[in-house]
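Visitor: Provided herewith is a single structure, encoded as C-alpha cells, for subsequent inquiry.
The values are calculated or read from the model by the stated rules, or taken from the named source; none is laboratory data. For clarity, every value in this text was computed on a predicted model and none was experimentally measured. Glycine also receives a Cβ, built like all others from the backbone with ideal geometry; neighbour counts cover every protein chain displayed. For the accessible areas, the whole protein counts, side chains as well, though only heavy atoms, and no ligand, DNA or RNA atoms are used. Shrake-Rupley method; radii C 1.70, N 1.55, O 1.52, S 1.80 Å.
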Amino acid sequence: MRRQPWNRRHLIERIMQIAMIGSLVIVALCLGAILWTIIVRGLPSLTWQMISQAPKGGFYMGKAGGVLNAILGSLYLATGATALAIVFALPIALYLQTYLATSGWAQLVRLALDVLWGIPSIVYGAFGFTLMIVLGVRASLLAGIIVLALVELPIMTRAMDEVIRRLPRDLAQAALALGSTKLEVALRVIIPQTLPGIVTAVLLAFGRGIGDAAAVLFTAGYTDRIPTSLMRPTASLPLAVFFQLGTPYPEVRERGYASALILTIIVLVVSFGSRWLAARLQRYTVK
Amino acid sequence: MAQNPIQSAATTRNQHVVAVSRQRTDTWVRHVFFVITILPIGLIAVVLIGLLYRSWPILSRYPFTDLLFGIDWKPSEGRFGFYSFIVGTVWVTVVGVGLAIPPCILVAIYLAEYAGARTRLLAKPILDVLAAIPPVVYGVWGLLAVVPLVETMIGPWSQRLLGFWGLFAVQQPTGFSVLAGGIVLAIMITPLIIAVVFEIFNTVPVDLRNASLAVGATRWETIRRVLLPQVMPGIIAAIVLGASRAFGETIAVLMVVGNIAQVPHSLFDAAYPLPALIANNYGDMMSIPLYDAALLCAALILLVIILLFNIMATIVLKRFVK
C-alpha cells in the first residue's frame, strides 16, 4: 500500500494528538509539583514531636509542642460525620434503587442530592453557625460533626446510588421471585453484593470530610487541648494548617507545612486504602 | 404418604403469620426510608429559608440593588455593598475556569477516544489524587509555589510584554492576585471537569464514530464534526459545574488571592471573593449591628447563584445519562 502524502488533515490530526498528550502531561506535572512542594517544604519540620504532642505554651510563637490535638480532632470529626452520614446515606441509596428506581420522585431526590453536593461547605458552615446561635449552642465537636455530615451526605449517597445502580438486576429479581420482600433483597442481596462499592463511597466521603476547613471553621471551634467530650470545641488539621500559616513566625509556618504534609498523607492513605480494601472485598461477592 | 391434615394446617398458618410479619416489617421500613429519602429536598429548603430569615434584617433595610451594586463596604458605618466581592468572585472563577477548560477537554477527549486501557489505568490515580487533595493543601501549595511564581516571573513578563493592556498590567506586584487564585482553582476543578466530559463522550454510540471513520474522516475530524456537536450541551454543563465549584471554594482561594476589598482591574490585582469574606469575618462580628445579617446575605447570594448553576447543569447532564 502506498503511504499517503502528508496533507493538512493529517497534520491537524497529529497536532491535536500532541496537544492532548501535552495536556495530560501538564495535569500530571501539576500533581507532581503539588506533592513535591508539600513534601519538600513539610518534611524538614515533620518530627515525632509534631505528631505525638499537643501544643505547649507558646507553641504559636515557635515553642515546643505538636499538632496531636488537630490530628485527633480531625479523625474524631471525620469519623463521627461519616458514621452519621452512613445512617442517612444507606437508606436513601437503597430506597432510591429498590423502591423508587427511576420514578419522578427518584429524579427529584437525585437532583436534590446533586444540588446539595454543589453547595459550598462555607455555606453549610455559616448556616450551621447561625442555627447554633438560634439554639444557643457553643462551637463543639458535636456541632462540627453534624455540619460535616451535611457536607458528606450527598457525596456518599450519590456514590452509593451509583454502585447499586450498576448491580445487575438478575440476582435481586431471583430473590424477589423466591418471595423475598424488597427489604430482604436490599439487606441480603444488594448490600453484600455492592459492599466494595459502598466501602469506597464511605471512604471517599471520609476523605472529603477530613480535609474540609470551611465547614468546621465556625462550628467546631479550635482548642489546643485534645478533645475529650462531644460538647467541647475541637481542633482540626486543615484549620491547624491555616492558623499556623497565619502567624508571622517562620518556625510556626514551617510546622504549618508539616501539618499540611500530615493531612496529605492521611488523605492519600484513605484514598489508596479504599481502593485496596474494595479489591479485597470484591472476592466475597457473587459474580 | 398421607399427611396429617391438622399438622399441615398449622404449618401453613405459621408460614402465613411469618409472611405477614415480614410484609409488615417491609412496609414499616419503607415508610421510614421514605421519610429519610425526602430529607435532602427538605434540607435545601431549610438552608435557603434559614439564610433568608437570618439575612432579612439587612434585606428589608436596604434595597436589594444597593446591596448588589453598592461599592462601599464599611460595616461600622452601616454601609454594606457587595459589588467588589461579587466581582472578585466572578473574576477568580472566570480565570480559573478559563485556564482549566482547554486542557481538561483535551485530556477528557484523549482518555475517551484515543487512550488505551493502560493509559487510562495510569491517568485514573492521577485524577483521583488531584480530587482527594484537601483545599487547604492546595492553598499551601498556592502560597509556596504559585504566588512567588506570579510575583517573580509571570508578573514582570506580563508587564514587559503586555503592560500596555490594563488586563495584564501589574499595579500590585505582591503575587497575591486574581491570577494566583485562578491557577489554584483551575487545578482544583480539573478532575471534576475531566470526569464529567469523559462520561459524556462515553455516552455517544460507537456507530457514529464508525460511520464517520468509514467515509475517510480522521479521528480528530470525527471528534470535531461528529462528536463535539453531539456532546456540546454536556460540555457546557460540565463547565458550569466546574464554575459553581470554583465559585464557592473558600480556603484555598482565601490564602492566595490577597483579600483586599476592591474591584480588580487586572489579573495581577488582589481580589476579595464572597466565600473569603464570610470565612474571614464571620464569628467575630457580633458587636456591629447588621454585620451578621450582611455576611449571611453574602452566603445567601452565593447559595442562590450556585443553586441556579447546579440545577441547570444537572438537568442538561440528565439528558445524556439515560
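Visitor: Could you pull out every one of the aspartates and glutamates with an alpha carbon less than 16 Å from that of B:K124, ignoring same-chain neighbours closer than 8 positions?
Guide: B:E113, B:E199
Visitor: Largest first and in whole Å, give the semi-axes of chain A's equivalent ellipsoid, each being the square root of 5 times a Cα gyration tensor eigenvalue. Show your work: numbers first, answer last.
Guide: Working: eigenvalues 291, 207, 65 Å².
In descending order the semi-axes read 38, 32, 18 Å.
Visitor: Scale the Cα Rg of chain B by the rule-of-thumb value 2.2 N^0.38 Å and send over the ratio, two decimals. Display every interim value, and only then the final one.
Guide: On the way: Rg = 27.2 Å, N = 322, 2.2 N^0.38 = 19.7 Å.
For chain B, the normalised Cα radius of gyration comes out at 1.38.
Visitor: Between beta-carbons, use under 15 Å as the cut-off and find the net charge around A:L277, counting Lys and Arg +1, Asp and Glu -1. It would help to have the intermediate numbers written out before the result.
Guide: Values: positive: A:R275, A:R280, A:R283; negative: B:D128.
Charge balance near A:L277 sits at +2.
Visitor: Compare B:Y110, B:Y62 by solvent-accessible area with a 1.4 Å probe and give them largest first, with all protein chains kept in place.
Guide: So the residues, ranked largest to smallest area, are B:Y62, B:Y110.
Visitor: Still on this structure, please answer the following. Take peptides A:166-174, A:141-149, B:86-94 and line them up by average Cβ neighbours within 10 Å, highest first, as a rough protection proxy. All intermediate terms of the calculation are to be shown ahead of the outcome.
Guide: Values: A:166-174: 12.4, A:141-149: 26.0, B:86-94: 23.2.
In descending order of packing, they fall as A:141-149, B:86-94, A:166-174.
Visitor: Next up: Per residue of region A:208-214, in order, report the coupling 6.51 cos²θ - 1.76 cosθ + 1.60 (Karplus, θ = phi - 60°) as ³J(HN,Hα) in whole Hz, putting x for Gly and Pro.
Guide: Along region A:208-214, the couplings run 5, x, 6, x, 7, 9, 5 Hz.
Visitor: Here is a further query. Averaged across A:178-184, how many Cβ atoms of other chains sit within 10 Å of each residue's Cβ atom?
Guide: 4
Visitor: At q = 0.15, 0.19, 0.22, 0.26 Å⁻¹, what is the base-10 log of I(q)/I(0) for region A:62-148 according to the Debye formula with one equal point scatterer per Cα and no solvent? Please give it to two decimals.
Guide: Each listed q corresponds, in turn, to -0.76, -1.01, -1.12, -1.22.
Visitor: Tabulate in residue order the Karplus-calculated ³J(HN,Hα) for region B:85-99, using 6.51 cos²θ - 1.76 cosθ + 1.60 with θ = phi - 60°, rounded to whole Hz; enter x for Gly and Pro.
Guide: Per-residue couplings from phi come out as 6, 5, 4, x, 4, 5, 4, 4, 5, 4, 5, x, 5, x, 5 Hz.
Visitor: Further, regarding this structure: At what distance in nm do the modelled label points of B:R79 and B:A211 sit from each other, each positioned 7 Å from its Cα along Cα→Cβ?
Guide: 6.3
Visitor: Region B:39-126: D in µm²/s via Stokes-Einstein (Kirkwood Rh, Cα pairs, 25 °C, 0.890 mPa s)?
Guide: 141
Visitor: A:I39 label point, 7 Å along Cα→Cβ, cut-off 12 Å on backbone N: hits in region A:264-287?
Guide: Residues A:265 fall inside that zone.
Visitor: Could you list, bin by bin from short to long, the percent of Cα-Cα pairs of the protein assembly as shown in 10 Å steps?
Guide: Calculated P(r), rounded to whole percents: 3, 15, 24, 26, 17, 9, 4, 2, 1, 0, 0.
Visitor: Determine the shielding of peptide A:105-114 by partner chains: average, over its residues, the number of Cβ atoms on other chains within 10 angstrom of each Cβ.
Guide: Values: counts 4, 1, 2, 3, 5, 3, 8, 11, 6, 9.
Taking the mean over all residues of the peptide, I get 5.
Visitor: Okay, moving on. How big a patch of accessible area, both sides summed and in Å² to the nearest 100, lies buried between A and B at a 1.4 Å probe? Each step should come with its number before you reach the end.
Guide: Working: alone 16700 and 18620 Å², together 28300 Å².
Chains A and B together bury approximately 7000 Å².
Visitor: If you don't mind, another one. If DNA, RNA and ligands are ignored and the probe is 1.4 Å, what is the ranking of B:Y282, B:Y53 by accessible area, most exposed first?
Guide: B:Y53, B:Y282
Visitor: Still on this model: What accessible area, in Å² to the nearest ten, does a 1.4 Å probe give for A:C30?
Guide: We get 30 Å² for A:C30.
Visitor: For region B:153-278, with all protein chains present and a 1.4 Å probe, just round the carbon and sulfur fraction of the accessible area to a whole percent.
Guide: Values: 3260 of 4950 Å².
Result for region B:153-278: 66 percent of the exposed heavy-atom area is carbon or sulfur.
Visitor: How would you order B:179-189, A:276-286 from highest to lowest mean count of nearby Cβ atoms within 10 Å? Mind dumping the intermediate values first?
Guide: On the way: B:179-189: 28.0, A:276-286: 12.0.
Packing order, densest peptide first, comes out as B:179-189, A:276-286.
Visitor: OK, next. Which of A:Y60, A:M20, A:W48 sits farthest toward the positive end of the charge dipole of region A:1-83, with +1 on the Cβ of Lys and Arg and -1 on the Cβ of Asp and Glu?
Guide: A:M20
Visitor: A:G65's amide H: which non-local residues (gap 5+, or another chain) put their own amide H closer than 5 Å, with H modeled 1.01 Å from N in plane and none for Pro or chain starts?
Guide: So A:G65 has HN proximity to A:K56.
Visitor: Report the FRET efficiency, 1/(1 + (r/R0)^6), for B:L52 and A:T79, where r is their Cβ-Cβ distance and R0 is 51 Å, rounded to 0.05.
Guide: 0.95
Visitor: For A:81-92, what's the mean count of beta carbons from other chains sitting within 10 Å of each residue's beta carbon? Intermediate values should be presented prior to the final figure.
Guide: Working: counts 0, 0, 0, 0, 0, 0, 1, 4, 1, 2, 8, 7.
Mean inter-chain Cβ contacts per residue within 10 Å come to 2.
Visitor: Accessible area, 1.4 Å probe, largest first: how do A:K56, B:K74 sort?
Guide: From most exposed to least exposed: A:K56, B:K74.
Visitor: Hey, what do the phi angles of region B:153-159 turn into as Karplus ³J(HN,Hα) couplings, whole Hz, using 6.51/-1.76/1.60 and θ = phi - 60°, x for Gly and Pro?
Guide: Values, residue by residue: 10, 5, x, x, 4, 5, 4 Hz.
Visitor: Quote to one decimal, in nm, the extra length available between B:M312 and B:L167 on full extension: 0.36 nm per residue of separation minus the C-alpha distance between them. Could the numbers behind the result be given before it?
Guide: Numbers: separation 145, 0.36 × 145 = 52.20 nm, distance 3.06 nm.
Working it through step by step, the gained length comes to 49.1 nm.
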